[in-house]
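The values are calculated or read from the model by the stated rules, or taken from the named source; none is laboratory data. Bear in mind that the values here come from a model prediction, so they are computed numbers and not experimental data. FYI the Cβ positions are ideal-geometry reconstructions off the backbone, even for glycines, and counts take in every protein chain you see.
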Amino acid sequence: MSRTKSPGVYLIENKVTGKRYVGSTTINLQQRWNDHKSGLRNNKHANIHLQRTWNKYGEESFVFSIIEQCTNVLEREKLGDDVFYIEDDKALAGLKKLLKLKDDES
């Protein structure tokens with residue numbers, strides 16, 4: 001299975017500021033990224049903070065990456081619905097460790 005064709009947890013990072021938006025999806029990861037870009041390009045994204053930084057720094061300043069791939073929707077739903085910002089590498093490493101621990105509890 002392609003990594004972008006499954007549900008999971010993802011990261012949108014502003015390469016200029018280093019700010020990170022973490023989200024999760026029950027649809028495939030590529031589709032979620034396309035949905036984010038569509039909203040942002042049309043200045044209609046639900047997250048005003050992400051929209052403002054997108055408007056200020058431009059699309060080329062953002063990168064999308066996968067933190068955790070899930071094999072199915074039920075596995076993704078066990079992660080919860082949290083969406084949050086990660087400010088530094090230590091916090092991101094902690095999130096990845098937490099996701100691994102949740103996976104190990106299954």
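Observations on the model:
- Pairs with Cβ under 9 Å, 6+ apart, first in the stretch 7-31 and at positive phi, second in a strand (DSSP E or B): Gly8/Ser24; Gly8/Thr25; Gly8/Ile66; Gly8/Ile67; Gly8/Glu68; Gly8/Gln69
- The number of residues in the stretch 35-68 being in a helix (DSSP H, G or I) and either surrounded by 13 or more Cβ atoms within 10 Å (Cβ to Cβ) or in contact (Cβ under 8 Å) with a residue 40 or more places away in the chain (or both) comes to 11.
- The residues of the stretch 7-56 that are among the hydrophobic types (A, V, I, L, M, F, W, C) and over 11 Å from the mean Cα position of the chain (by Cα), listed by number, are Val16, Ile27, Leu40, Ala46, Ile48, Leu50, Trp54.
- Residue tally, condition at pLDDT below 85 and in contact with a Phe, Trp or Tyr (Cβ under 9 Å, 6 or more places away or on another chain), over the stretch 1-21: 1
- Among the residues of the stretch 27-81, the one identified as in contact with a Leu (Cβ under 6 Å, 6 or more places away or on another chain), at pLDDT below 90 and of a type outside the set (A, V, I, L, M, F, W, C) is Glu68.
- Search result, residues across the stretch 3-24 that are farther than 10 Å from Ile66 by Cα and among the basic types (Lys, Arg): Lys5, Lys15, Lys19, Arg20
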